[in-house]
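Here the structure is laid out as structure tokens; the discussion comes afterwards.
The values are calculated or read from the model by the stated rules, or taken from the named source; none is laboratory data. Here the structure is a predicted model, which means the values were calculated and not measured. As a convention, Cβ positions derive from the backbone with ideal geometry for all residues, glycine included, and neighbour counts pool all protein chains shown.
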Amino acid sequence: MMLVSAVLMQAQRLQVIDSDGNPIAYVCVTNERGALVGSTDTEGWLEDAKGNAVLNLSHIAFEDMTIRLADVVDGRVVMQDVDFNLPDIEVKPKELAYVQTYYRLIYFDDDGPIYYRGGVIDNTYEFAKEKTQSKTRSLSKGENGLIRFLISTIVGRYIDKLGQIKKESTYQRLLRYQTEGKLSIVEDAPGRQIVSDTVSVLGYIDTDTIARQRTTSFNMWAYTDHIKATEEAAKAAAKGKQPKEKKKKYSTEDLYYEVYRIDSEGRSRIDDFVMRQLQVIGRHESNDKQFMILLQAYTTDRDYVDKKDYKQLRKDNKVEMDIRELKQFEQAHNIPALAINVQEQIDKLFEKELSK
């Protein structure tokens, strides 16, 4: 009995890897009904499947998949790369870099997806002014009208910004933090660096010169938490006191994954953004219930244009904000599909629209 129990407990822990055997950080794991189970750590480990026999695995750079734990061999699961190629473009002496991005956001609680938001964004970067601008068209739906209203009005604009291009990539920001003495970035192996602060390892930077891309996996929330705790401890020590413990309504961690293309010298332009994933995993302290926000954003088109060209591009690329249109847009641009039962749960939010 003890031996059987030990085997079952061990089967609850699994590692997610790619086809080359490399661990995949920050894979979102949900159960059969779409409720959050957890996320893999920087070494690809899911520590506890929490008794679920069926798991959905989702990651922006890999094909979503559904697995049965009974079929897992040696505690390892292999995810397949997304066939998502960003074609080369010619750099032209134009006013603007144009980047179209597509994003989707899902809010999960213990019962599954309760809010969905998707959109298409026309981004520009004006070279003369070094200024980014974005025009967003989005669609949202909640389990009930109140949920949709609260999320869309309170954080809707912030969500949209997560799908926009940024003047400074996460990789560049981490290098700046290192220069400022806030972080340590140490070579771990050829093409891989460890990012850490004084408390713990916060993530990795992987550079694939063959695929010509740079990937940043980073726990931004832990970093900001550590900075804040250090500052509060220093202030308290200056006064000869202990830092006060604050009661939190919820605890969270912010798992960030971002991919940029690079040239032969390891540099990226603003239009080299490929994809971004953000997971905010939280737990309400009052009732111990979990929640998770999963955002995925992709570049779907890019060019160098002048302002007249840009206006025409916006007309040509216009997408109606309808759930059917968004699904067609995903398919046309090779956006990886969500796990079937997760998509089914999201479709329930749009039942009326899909039944017309």
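Of everything in segment 141-190 that is in a strand (DSSP E or B), in contact with a Ser or Thr (Cβ under 9 Å, 6 or more places away or on another chain) and of a type outside the set (Gly, Ala, Ser), the residue that is surrounded by the fewest Cβ atoms within 10 Å (Cβ to Cβ) is Val186. If only residues of segment 210-237 that are in a helix (DSSP H, G or I) and of a type in the set (Phe, Trp, Tyr) are counted, the one that is nearest to Ser196 (Cα to Cα) is Tyr223.
Residue-wise test of (1) in contact with a Leu (Cβ under 8 Å, 6 or more places away or on another chain); (2) in a strand (DSSP E or B); (3) more than 23 Å from Ser134 (Cα to Cα); (4) without any contact (Cβ under 8 Å) to a residue 24 or more places away in the chain.
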position: Val274; (1), (2), (3), (4): yes, yes, no, no
position: Gln277; (1), (2), (3), (4): yes, yes, no, no
position: Met292; (1), (2), (3), (4): yes, yes, yes, no
position: Gln312; (1), (2), (3), (4): no, no, no, yes
position: Met321; (1), (2), (3), (4): yes, no, no, no
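Let's see how each residue does on (1) outside the structural domain of Val120 (by TED's automatic domain parsing); (2) more than 20 Å from the chain's Cα centre (by Cα); (3) surrounded by 12 or more Cβ atoms within 10 Å (Cβ to Cβ):
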site	(1), (2), (3)
Lys308	no, yes, no
Lys311	no, yes, no
Asp316	no, yes, no
Val319	no, yes, yes
Ile323	no, yes, yes
Phe329	no, no, yes
Ala332	no, yes, no
Ile335	no, no, yes
Lys348	no, yes, yes
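For segment 210-228, residues that are farther than 19 Å from Gln279 by Cα, out of contact with any helix residue (DSSP H, G or I) (no Cβ under 8 Å at 6 or more places or on another chain) and in contact (Cβ under 8 Å) with a residue 24 or more places away in the chain total 3.
Which one of these is among the aliphatic types (A, V, I, L, M), modelled with pLDDT of 90 or more and within 30 Å of Lys167 (Cβ to Cβ): Val78, Val27? Testing whether each residue is among the aliphatic types (A, V, I, L, M), modelled with pLDDT of 90 or more and within 30 Å of Lys167 (Cβ to Cβ) leaves just Val27. For segment 242-256, the criterion of being within 30 Å of Ser58 (Cα to Cα), outside any helix (DSSP H, G or I), hydroxyl-bearing (Ser, Thr, Tyr) and at pLDDT 90 or above is satisfied by at least one residue.
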